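The values are calculated or read from the model by the stated rules, or taken from the named source; none is laboratory data. Not measured: the values here are computed from a predicted model. Please note: Cβ atoms are built from the backbone with ideal geometry, for glycine as well, and neighbour counts cover all protein chains shown. Just the protein is used for accessible areas: all its heavy atoms, side chains included, with ligands, DNA and RNA removed. Shrake-Rupley method; radii C 1.70, N 1.55, O 1.52, S 1.80 Å.
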Amino acid sequence: MANSMAEQLQQDMECEGLLECIHGLKQLDKECFRVLVESEEALTIDEVAERVDRERSTAYRSIQRLLQSGFIQKEQINYDQGGYYHVYYPTDPTQIATDMQRMLNDWYAKMGQLIREFEDKYEGASAGTGLSAH
């Protein structure tokens, strides 16, 4: 992952890069998300772990990051004799895209404000130093 915005703009990125760029998700998180998207049905943690060839606890941490970022949903399935388990499935892509667009708009507004603050702070300072704005 590129460190600066300038480096990010120079990189060739794929749409899945948004998972990492906007939400800070890891490679395993992207693999778990892909497994859930490609599945015909909702999956348990054990099923996801098996498909990405990782320990259950490792897959669980990845699933939790995907849940927190809103990329997947969790549903409780109750056993007839009592007890329950959870299954996971991807969130509607339109909802994910809307959420990412909202986050990007918020980020853009915040960066615009910081740029204006930077300009205000240093505009007066450069006038007294003899530095030109050329």
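Once both labels are positioned 7 Å from their Cα atoms along Cα-to-Cβ, the gap between residue 28 and residue 122 label points is 4.1 nm. Accessible surface for residue 85 stands near 80 Å², nearest 10, in the context of the full protein assembly shown (1.4 Å probe). Mean projection of the Cα convex hull over all viewing directions, computed for the range 29-108: 6.2 nm². Here the range 27-128 exposes an accessible surface that is 48 percent carbon and sulfur, computed with a 1.4 Å probe and the other protein chains kept in place.
Solvent exposure of the range 81-122 amounts to 82 Å² per residue of accessible area, where only protein heavy atoms count and the probe is 1.4 Å.
Using R0 = 41 Å, the C-beta based FRET efficiency linking residue 114 and residue 44 works out to 0.40.
On the principal axes of its alpha-carbon atoms, the range 28-68 has extents of 23, 21, 14 Å, going from largest to smallest. Residue 74 exposes around 100 Å² of accessible area when a 1.4 Å probe is run over every protein chain in place.
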